[in-house]
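First the structure, in the form of structure tokens, and then the observations on it.
The values are calculated or read from the model by the stated rules, or taken from the named source; none is laboratory data. Just so we're clear, the structure is a prediction, and the values are computed from it rather than from any experiment. Every residue, glycine among them, receives a Cβ derived from its backbone with ideal geometry; neighbour counts consider all protein chains shown. We work out accessible area using only protein heavy atoms, side chains counted, and drop any ligands, DNA or RNA first. Shrake-Rupley method; radii C 1.70, N 1.55, O 1.52, S 1.80 Å.
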Amino acid sequence: MDIASSITGFMFILSNALLYPVIIALIVLVVWVLVVLGQVVSEYSGRTRDFARLRDGCRDARIQIQKREIGEAAQTLKNAGSNPLLEGYIGDIAGFIGDDRLTLESEKLLQDYELRITRELDSLKLLIRIGPMLGLMGTLIPLGPALMGLSAGNIEALATNLVVAFSTTVLGLLVGGIAYGVLLVKRRWYLQDLSDMEYVAGVLS
């Protein structure tokens, strides 16, 4: 019986010791997700997809390549970009215009940009999972002291712990909800950018 009570007491102490690290981690995640949200709003204001300009630029660049006007083709291609990610890809691939390795390098660049996009989206997936998880931990940990306060008739301790429990739940859901919304938006943007990159690579190859 003493062993069981000792184990229970150790678990209680250990779980309570995790409360403040969980709260601090939640605050960090809230700041992080708000920064991410601000970045998305800023990126949205600067995104202008102009596929007609991209198509015309790729066509003109291909004609210039056939005429061996490599420098002009590279500049034409760079001017055809619209979104930052697409502009970055075009700037990278422009350095291989006129090179026999153009097809190989364009495919390698596509793979690199896919990995770059995956890494960025993975950070949002982490927020989606970790935010509610920490919120749940912050909800469950104070319930032990709250129930003990209730059994002892200490209403103040009960109320204080319940406030902490509900607040952490809200913060965790806030992080997860914002991160999920941002993930949907950025995934749609990046899929479109990848489609445009594949178009550029296909026209130039």
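Couple of notes before you dig in:
- Where chymotrypsin sites (Phe, Trp or Tyr not before Pro) fall in DSSP loop in region 128-205, at most 15 other Cβ within 10 Å: none
- Computed Kirkwood radius, in angstrom, where 1/r is averaged over Cα pairs of region 84-171: 17.1
- Angle of helix 19-46 to the longest C-alpha principal axis of the chain, folded into 0 to 90 degrees and rounded to 10: 30°.
- Spatially, region 57-110 and region 115-190 are offset by 46 Å when compared through their Cα centroids.
- Degrees between helix 155-204 axis and first principal axis of the chain (Cα, 0 to 90, nearest 10): 10
- Measuring nothing but how far apart in sequence close Cα pairs (under 8 Å, 6+ apart) lie, relative to its length, region 117-203 scores a relative contact order of 39 percent.
- Against the chain, whose longest principal axis comes from its Cα atoms, helix 51-66 is set at around 40 degrees.
- Top of Arg101, Arg47, Arg62 by mean-square fluctuation, Gaussian network on the chain, Cα under 10 Å: Arg101
- Solvent-accessible surface of region 132-191, averaged per residue with a 1.4 angstrom probe and all protein chains in place: 54 square angstrom.
- Accessible surface of the chain, 1.4 Å probe, proportion on carbon and sulfur as whole %: 65
- Choice from Leu115, Leu77, Leu127 showing the highest fluctuation, given a GNM over the chain with Cα pairs closer than 10 Å: Leu115
- Relative contact order of region 1-133, defined on C-alpha pairs under 8 angstrom at six or more residues apart (%): 19
- Region 1-54: C-alpha gyration tensor shape, a/c 1.5 cut-off, then a/b vs b/c: prolate
- Take the Cβ atoms of Phe51 and Leu126, set R0 to 35 Å, and the FRET efficiency comes out at 0.60.
- Measuring nothing but how far apart in sequence close Cα pairs (under 8 Å, 6+ apart) lie, relative to its length, region 66-140 scores a relative contact order of 22 percent.
- Nitroxide proxy distance, nm - points 7 Å out along Cα→Cβ at Gln111 and Ile155: 6.8
- Sorting Arg53, Arg129 on solvent-accessible area from highest to lowest, probe radius 1.4 Å, gives Arg129, Arg53.
- Sites Ser6 and Asp100, calculated FRET efficiency, Cβ-Cβ separation with R0 45 Å, nearest 0.05: 0.05
- Of Lys78, Lys125, Lys108, the one that fluctuates the most in a GNM where the chain has Cα springs shorter than 10 Å: Lys108
- Taking all protein chains into account, the per residue accessible area for region 9-71 stands at 68 Å² (1.4 Å probe).
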